[in-house]
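Worksheet: one structure, shown below.
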Amino acid sequence: MKCRKCGGSAALELRRHNAAFCPPHFIEFFRKQVADAVHRYRMFSREEIIMVAVSGGKDSLALWDVLIEDGYRTAGLYLDLGIFDYSKESRAKCEAFAAARGQTLHVERVADAVGAPIPVVQQATRRPTCSACGLSKRYLMNRAALEHGYTVVATGHNLDDEAATLFGSVMHWQTDALPRQSPALPSTHPKLVRRVKPLYRLSELETAAYAFLRGIDYIVEECPFAQGATSIAHKEVLNRLEEASPGSKHNFLFGFLDRARPAFERAEDVALQECASCGQVTTGAVCAFCKLADLVKRRTSGETP
Ligand code: Q46
Ligand code: ZN
Ligand code: ZN
């Protein structure tokens, strides 16, 4: 295998692009894909400071690395979910990454906001762990960005993540989730920051290769609650399709974004208001996060079920 750019010995073959690259040209390819994503969706400008939500895993740290190397102004946000050793180790990876590059890292503890770490929230509410966790993460990302004055939050979601989410939404015909599936969600209220996914054009394998070639020290273990999550089953199905026909995931996601997504956009905007309890944006009187925190408080203090 030869590098498409220089003819040197290739380290990585990208079947869906029908290409192979040597390490330096793969890094160039990877950064160009991010630059294309940022440009195509006008994700952020060079004047803004981008808050990068980092988990300690390969995707979010690779994203942070690309943005720093490209000269963007950034700060990290680590959400400490309180998930046993996984959270301790992933926090240490993020702190080391930020310190080595002289970057600010904000840390928010879910337990401080919800009243208990994620495993206790799960036991107290008997909700699927990832649903309470996902809700808390989205809420805290937005709140932290607002509190620190950032206008945009970037997350490390890659092509595999996005294709699996789309697959799940289509499987269950969650038509209200479909218009929200986008590499860039604009701010629709002064208290909602923009959310962007600059890695949506890159596969999980590619982010792993980038992190490896750049010598990024990331946490390899997955969150213990990820096992058995339906998103993993969806990823497996898509991986089998990809194996049989390279480019399937890419075509599925990009075809949706280019051709199908506009059909699901709602004509009228949902009315947004401020939560009576915390002041964050919600569609009801009290936001889902405050309801969750209230339930956790009642259940963990032994009050009414
Ligand atoms: S951290 Fe949270 Fe994920 Fe763990 S509990 Fe589920 S949602 S799997 S990305
Ligand atoms: Zn090359
Ligand atoms: Zn609230």
inquiry  = I'd like the distance separating the alpha-carbon centroids of segment 235-305 and segment 113-128, in whole Å.
reply    = 19
request  = Answer rounded, prolate or oblate for segment 143-223, using the Cα gyration tensor with square roots of eigenvalues a ≥ b ≥ c: rounded when a/c is under 1.5, else prolate when a/b is larger than b/c, else oblate.
outcome  = oblate
task = Mind ranking 77-87, 51-61 by how tightly packed they are, going by the mean number of other C-beta atoms within 10 angstrom, highest first?
result = 51-61, 77-87
ask   = Using helices alone, what [θ] at 222 nm do you get for the chain, with -39,500 (n - 2.57) per DSSP H run of 4 or more residues, divided over all residues and rounded to the nearest 500?
value = -14500 deg cm²/dmol
request  = Note down the nm distance, to one decimal, between modelled labels 7 Å out along Cα→Cβ at R214 and at A92.
outcome  = 2.2
note = Contour minus Cα-Cα span, R46 to D112, at 0.36 nm per residue, comes to 20.5 nm
request  = Bin all alpha-carbon pair distances of segment 163-305 at 10 Å intervals from 0 and give each bin's fraction as a whole percent.
outcome  = 9, 25, 32, 24, 9, 1
note = Using alpha-carbon positions, the gyration tensor of segment 185-267 gives root eigenvalues a ≥ b ≥ c; with a/c under 1.5 called rounded, otherwise prolate if a/b exceeds b/c, else oblate, the class is oblate
note = Site E147, offset 7 angstrom along Cα→Cβ, radius 15 Å on amide nitrogen, limited to segment 279-301, gives 279-281, 290
ask   = From a point 7 Å beyond the Cα of T188 in the direction of its Cβ, which residues of segment 248-292 have a backbone N at a distance under 15 Å?
value = 262-274, 281-284
note = In the structure shown, of K191/K297; K137/K197; K137/K291; K58/K197, the pairs separated by more than 18 angstrom at the C-alpha atoms are K191/K297
Relative contact order [Cα under 8 Å, 6+ residues apart], the chain, whole percent = 20
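Read the figures in this text as sums done on the coordinates, not as results from a lab. Note that the structure is predicted; figures quoted are calculated from it, not measured. All Cβ positions, glycine included, derive from the backbone under ideal geometry; neighbour counts span all protein chains shown.
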